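J.: The structure follows.
The values are calculated or read from the model by the stated rules, or taken from the named source; none is laboratory data. Owing to the predicted nature of the structure, the values given are computational and were not obtained by experimental measurement. Reconstructed Cβ throughout: ideal geometry from the backbone, glycine too, with neighbour counts over all protein chains shown. Calculation scope for accessible area: heavy atoms of the full protein, side chains included, ligands and nucleic acids excluded. Shrake-Rupley method; radii C 1.70, N 1.55, O 1.52, S 1.80 Å.
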Amino acid sequence: MPPRTTTRPHPPRPTQDRPTQDRPAPALLATARAAAVRTAATRPAAVLLAGYLAELLFRLVLVRSMSFPSVHPDEDSYLALARVLAGGSATEIPVGVVVPGGYPLLISPALRLADDPATAYHLVMGVNAAVNALVFPLAYVALRRLGLNRRRSYAFGAATALLPPVVFYSQFVMTDAVLPVLVLAWLLCLHGWLADGPLRRRTWHAVGAGASAGGAMAVHDRGGVVVALTAAVLLGILLLRRAPWRATAAGLAALGLGVLGAELLSAWLHA
């Protein structure tokens, strides 16, 4: 009788993985990563915007009860020129000489929008606060370029924007309210132009440096010093070939246009 043979049971097959549709698709992963990157990049900008708005609100609170000039004859002179630039009738300048017209040009829309003197003065104070508070983000960027982390740059930038000489002049119709912003922007643009990087970025920074210097000349008597320093640096770097000549030439062109605009505005006000 032949021996009985028993069939050995086959080992169970390993369970297959779940279908690929249950796994996150590569496209979804890429989208999630992109969203995370955008969130990380947006968060510092949102915090910086909140800080700027806080600086702006602080300055507006300081001037909430101010409805007329108190520093004579400086405020009177700037307001008189702003009224002329807003389309008003010509008048005699209280200080006897025509001050630079860049700052009156900046605040002239406030006088065009409001007929009531108190309302117009409040609007001018709002313009002052909005421009003066820009010291905070500019100081933040400068500190970041010096190597400080975000928290320290934020804290020291806020402290810089709250320095008494910065905040004090924002409460009056005087060009000193906007000059610190122009000087900070000028320094940052000079650094961006001289630092290594793409040609386009360095060109825009050079243009910003020239335009900031021209703006400083347009708003303040001592802006000519900034223009002279900018011209010397641009020409020196051009001769030494320490920066791309295209970027330097663009900076010189922006400086020339800024100075020309300041001179034309001054000539028109003197006419």
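J.: Can you go through A250, A243, A254, A185 and tell me which one is at pLDDT 95 or above, farther than 29 Å from P165 by Cβ and buried (at least 17 other Cβ atoms within 10 Å of the Cβ)? Step through it out loud before you land on a result.
T.: Working: A243 fails: at pLDDT 95 or above; A254 fails: farther than 29 Å from P165 by Cβ; A185 fails: farther than 29 Å from P165 by Cβ.
Sole residue among the options that is at pLDDT 95 or above, farther than 29 Å from P165 by Cβ and buried (at least 17 other Cβ atoms within 10 Å of the Cβ): A250.
J.: For the range 193-206, give me the residue count where each residue is among the small types (G, A, S) and outside any helix (DSSP H, G or I). Spell out the reasoning first.
T.: First pass over the range 193-206, keeping only residues among the small types (G, A, S): 195, 197, 206.
Filter once more, so that each one left must be outside any helix (DSSP H, G or I): 195, 197.
Qualifying residue count, the range 193-206: 2.
J.: Filter the range 160-176 for residues that are part of a helix (DSSP H, G or I) and touching a residue at least 60 places away in the same chain (Cβ under 8 Å); which is farthest from A118 (Cα to Cα)?
T.: Quick first cut of the range 160-176, residues part of a helix (DSSP H, G or I) only: 160-161, 164-169, 175-176.
With the extra rule that they be touching a residue at least 60 places away in the same chain (Cβ under 8 Å), the set shrinks to 161, 167, 175.
On the way: A161: 27, V167: 21, T175: 20 Å.
Among those that are part of a helix (DSSP H, G or I) and touching a residue at least 60 places away in the same chain (Cβ under 8 Å), it is A161.
J.: Anything in the range 91-107 that is surrounded by fewer than 21 Cβ atoms within 10 Å (Cβ to Cβ), at pLDDT 70 or above and not in a helix (DSSP H, G or I)? List them, or say none.
T.: Answer for the range 91-107, where residues must be surrounded by fewer than 21 Cβ atoms within 10 Å (Cβ to Cβ), at pLDDT 70 or above and not in a helix (DSSP H, G or I): there is none.
J.: Can A211 be described as under 14 Å from the mean Cα position of the chain (by Cα), farther than 26 Å from A50 by Cα and open to solvent by 30 Å² or more (accessible area, probe 1.4 Å)? Steps first, please.
T.: Values: under 14 Å from the mean Cα position of the chain (by Cα): yes; farther than 26 Å from A50 by Cα: yes; open to solvent by 30 Å² or more (accessible area, probe 1.4 Å): yes.
So A211 passes the test.
J.: Same structure, new question: Answer with yes or no whether V225 is open to solvent by less than 30 Å² (accessible area, probe 1.4 Å) and not charged (D, E, K, R).
T.: no
J.: Do you know which residues across the range 237-252 are of a type in the set (G, A, S), assigned to a helix (DSSP H, G or I) and more than 21 Å from the chain's Cα centre (by Cα)? Outline the logic, then answer.
T.: To start, the set of residues in the range 237-252 that are of a type in the set (G, A, S) comprises 243, 247, 249-251.
Now restrict to residues that are assigned to a helix (DSSP H, G or I): 247, 249-251.
The one that is of a type in the set (G, A, S), assigned to a helix (DSSP H, G or I) and more than 21 Å from the chain's Cα centre (by Cα): A249.
J.: Out of curiosity, is R112 of a type outside the set (V, I, T), over 22 Å from A216 (Cβ atoms), open to solvent by 70 Å² or more (accessible area, probe 1.4 Å) and touching a residue at least 60 places away in the same chain (Cβ under 8 Å)? Show your work before the answer.
T.: On the way: of a type outside the set (V, I, T): yes; over 22 Å from A216 (Cβ atoms): yes; open to solvent by 70 Å² or more (accessible area, probe 1.4 Å): yes; touching a residue at least 60 places away in the same chain (Cβ under 8 Å): no.
Spelling it out, it is not the case that R112 is of a type outside the set (V, I, T), over 22 Å from A216 (Cβ atoms), open to solvent by 70 Å² or more (accessible area, probe 1.4 Å) and touching a residue at least 60 places away in the same chain (Cβ under 8 Å).
J.: Please enumerate the residues belonging to the range 145-159 that are without any contact (Cβ under 8 Å) to a residue 60 or more places away in the chain, assigned to a helix (DSSP H, G or I) and open to solvent by 70 Å² or more (accessible area, probe 1.4 Å).
T.: Initially, the range 145-159 is screened for residues without any contact (Cβ under 8 Å) to a residue 60 or more places away in the chain, giving 145-149, 151-153, 155-156, 159.
In the following step, the residues that additionally are assigned to a helix (DSSP H, G or I) were identified as 145, 151-153, 155-156, 159.
Within the range 145-159, R145, R151, R152, F156 meet the criteria.
J.: Can you name every residue in the range 239-267 that is of a type outside the set (G, A, S), free of Cβ contacts under 8 Å to residues at least 60 places away in the same chain and within 30 Å of L79 (Cβ to Cβ)? Let's see the steps before the verdict.
T.: Narrowing the range 239-267 to residues of a type outside the set (G, A, S): 239-242, 244-246, 248, 252, 255, 257, 259-260, 263-265.
Those still in the list that are free of Cβ contacts under 8 Å to residues at least 60 places away in the same chain too: 239-242, 244-246, 248, 252, 255, 257, 259-260, 263-264.
Result: L255, L257, V259, L260, E263, L264.
J.: If you don't mind, another one. Kindly check whether there is at least one residue in the range 145-153 that is under 25 Å from L234 (Cα atoms), in contact with a helix residue (DSSP H, G or I) (Cβ under 8 Å, 6 or more places away or on another chain), modelled with pLDDT under 95 and not hydrophobic (A, V, I, L, M, F, W, C). Lay out the reasoning, then the answer.
T.: Quick first cut of the range 145-153, residues under 25 Å from L234 (Cα atoms) only: 145-146.
Subset that is in contact with a helix residue (DSSP H, G or I) (Cβ under 8 Å, 6 or more places away or on another chain): 145.
Checking which are modelled with pLDDT under 95 leaves us with 145.
Now restrict to residues that are not hydrophobic (A, V, I, L, M, F, W, C): 145.
The answer is yes, given that some residue of the range 145-153 is under 25 Å from L234 (Cα atoms), in contact with a helix residue (DSSP H, G or I) (Cβ under 8 Å, 6 or more places away or on another chain), modelled with pLDDT under 95 and not hydrophobic (A, V, I, L, M, F, W, C).
J.: Just to check your reading of the model, which residue among A142, A110 is within 17 Å of the chain's Cα centre (by Cα) and assigned to a helix (DSSP H, G or I)?
T.: That would be A142, the only listed residue that is within 17 Å of the chain's Cα centre (by Cα) and assigned to a helix (DSSP H, G or I).
J.: May I ask you to verify whether L235 is among the aliphatic types (A, V, I, L, M), at pLDDT 95 or above, open to solvent by 40 Å² or more (accessible area, probe 1.4 Å) and under 18 Å from L146 (Cα atoms)? Walk me through it before giving the result.
T.: Details: among the aliphatic types (A, V, I, L, M): yes; at pLDDT 95 or above: yes; open to solvent by 40 Å² or more (accessible area, probe 1.4 Å): yes; under 18 Å from L146 (Cα atoms): no.
Judged against the criteria, L235 is not a match.
J.: Answer with yes or no whether P165 is of a type outside the set (S, T, Y) and surrounded by 14 or more Cβ atoms within 10 Å (Cβ to Cβ).
T.: Answer is no for this residue.
J.: Is it the case, given these coordinates, that L194 is open to solvent by 40 Å² or more (accessible area, probe 1.4 Å), at negative phi and in contact (Cβ under 8 Å) with a residue 60 or more places away in the chain?
T.: Details: open to solvent by 40 Å² or more (accessible area, probe 1.4 Å): yes; at negative phi: yes; in contact (Cβ under 8 Å) with a residue 60 or more places away in the chain: no.
So L194 fails the test.
J.: Continuing with the same structure: Return a yes/no flag: does the range 207-226 have any residue that is in a helix (DSSP H, G or I), at pLDDT below 95 and among the charged types (D, E, K, R).
T.: no
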